[in-house]
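These notes are about the structure you will find just below.
Rule-based calculations on the coordinates, nothing more; no lab input. Nothing here was measured: the structure is a model prediction, and the numbers come from that model. Virtual Cβ from ideal backbone geometry, glycine too; neighbours counted across all protein chains shown.
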Amino acid sequence: MSFKSTFLAIACTICAAVPALADTYNGTVFTSSPVSVKAGQEFLIALPSNPTTGYSWTGKSASGIVTVWGSAYQGPAASAKPLMGAGGQQIFVCAANKAGTTQITFAYARPWQKGAKPARTMTFAVTVK
């Protein structure tokens, strides 16, 4: 199997597992900055999202201290009254690779609008101990 097909298989597995992971995850799901984690730890960052608008978040780490593996959308809670077009959250799986401080920058944009300014950006300060 080639590197590309292996990477795609892993990415699909992560995307399929993230919504269930957020429901059963025992660690902290961060929704705001700052983030403090231990080296070797995986952690989640959840951002409000509504894919029915065409917008989605992308995340990029400023250094190799943290890796942003991927994300998946999780709709409103099952207990919530179902509303057409209601938003949920986009959950990012991140890994703390080594000690240090860095930033993860998220941009909320329509992926097909190349060169357009994001509707929103969020920056998370991350400390890895």
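A few comments on the model shown:
- Separation of alpha-carbon centers, the range 51-91 and the range 92-129, rounded to whole Å: 13 Å
- For the pair Lys98 and Thr28, the difference between a 0.36 nm per residue extended length and the Cα-Cα distance amounts to 23.3 nm.
- Within the range 47-66: backbone nitrogen closer than 19 Å to the Ala86 label point (7 Å, Cα to C-beta): 47-54
- Surrounding net charge for Thr127, when Lys and Arg each add one and Asp and Glu each subtract one, Cβ distance under 13 Å: +3
- Taking other Cβ atoms within 10 Å as a rough exposure proxy, Thr58, Thr102, Thr53 sort from fewest to most as Thr53, Thr58, Thr102.
- The order of Leu47, Leu83, going from fewest to most other C-beta atoms within 10 Å of their C-beta, is Leu83, Leu47.
- The ranking of Ser32, Ser49 by Cβ neighbour count inside 10 Å, starting from the fewest, reads Ser32, Ser49.
- Partners for Lys114 among lysines (Cα-Cα distance below 22 Å; same-chain residues under 8 apart left out): Lys60
- Kirkwood hydrodynamic radius (C-alpha pairs) into Stokes-Einstein, the range 79-129, 25 °C and 0.890 mPa s, D in µm²/s: 173 µm²/s
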